[in-house]
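**Q** Can you keep this structure in mind? I'll have questions shortly.
The values are calculated or read from the model by the stated rules, or taken from the named source; none is laboratory data. Computed from a predicted model, the values in this text were never measured in an experiment. No Cβ is skipped: glycine too gets one built from the backbone with ideal geometry, and neighbour counts run over all protein chains shown. Note: accessible area is taken over every heavy atom of the protein model, side chains too, but ligands, DNA and RNA are not part of it. Shrake-Rupley method; radii C 1.70, N 1.55, O 1.52, S 1.80 Å.
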Amino acid sequence: MFEGDLEQDQRTRRAGEIRSAALAYARECGRRNKVIDLVGFARQRWRCDGAVKLAIMTQAHADDIAAGVPVVDVWRRFELPGKIALQLTGASGYQALYGVLEHNSLFPGFTPTQIVRWVSEGSLAVERAAEILGVDPTEIQDLVNKADQREP
């Protein structure tokens, strides 16, 4: 293997390691139903590494979370509540989460229209729908009422 190939392999491996950690972090936030300490998570994840590599990996991990791709990837699979996804990405609303999905060519696992339909059909509770989108239950009920008014 040539030196340039080795460097590229190392970069690719680190990028994969960071993405894997970001997905695990987002899932852990979802499991605990709160935003957990990112630095503490990174220390646990890379506990055998030296201070310099830990600092570099922690910063790259934080940047990946802030970019939002691993967060919305976990959110679209119903593994992360909307409010936590909004906090992690700094997004102003669920529409911005869909923007991250669209910008990165990721297929949404669900749409607000589907959520409203599921609530209307009774297959999804209003509270769970609100948790998924990260909104107040009254906002879900308002969306359902508007959809019901549109139907003939």
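**Q** Within the range 129-152, find all residues whose amide N lies under 15 Å from a label point positioned 7 Å from the Cα of Ser123 along Cα-to-beta-carbon.
**A** The answer is 129, whose backbone nitrogens lie closer than 15 Å to the label point.
**Q** A follow-up question, please. Against the longest principal axis of the chain, how steep is helix 137-150, in degrees 0 to 90 to the nearest 10, with axes from Cα atoms?
**A** Tilt of helix 137-150: around 50 degrees.
**Q** For semi-axes √(5λ) of the Cα gyration tensor in Å, the choices are [x] 35, 21, 14; [y] 25, 17, 15; [z] 37, 16, 11; which was calculated from the structure?
**A** Here semi-axes √(5λ) of the Cα gyration tensor in Å agrees with entry [z].
**Q** Here is a further query. Report the calculated FRET efficiency for Ser92 and Arg27 (r = Cβ-Cβ distance, R0 = 22 Å), to the nearest 0.05.
**A** Values: r = 23 Å, r/R0 = 1.07.
Calculated value: 0.40.
**Q** Counting Lys and Arg as +1 and Asp and Glu as -1, each charge on the Cβ, what is the dipole of the chain about the Cα centre in debye, to the nearest 20?
**A** Details: 19 positive and 21 negative charges, 84 e Å.
So the dipole magnitude of the chain works out to roughly 400 debye.
**Q** Hey, what angle do you get for helix 51-67 against the long axis of the chain, alpha-carbon based, 0 to 90 degrees rounded to 10?
**A** 20
**Q** What ranking of Lys146, Lys53 comes out by heavy-atom accessible area, probe 1.4 Å, highest first? Intermediate values should be presented prior to the final figure.
**A** On the way: Lys146 110, Lys53 65 Å².
These residues rank, largest area first, as Lys146, Lys53.
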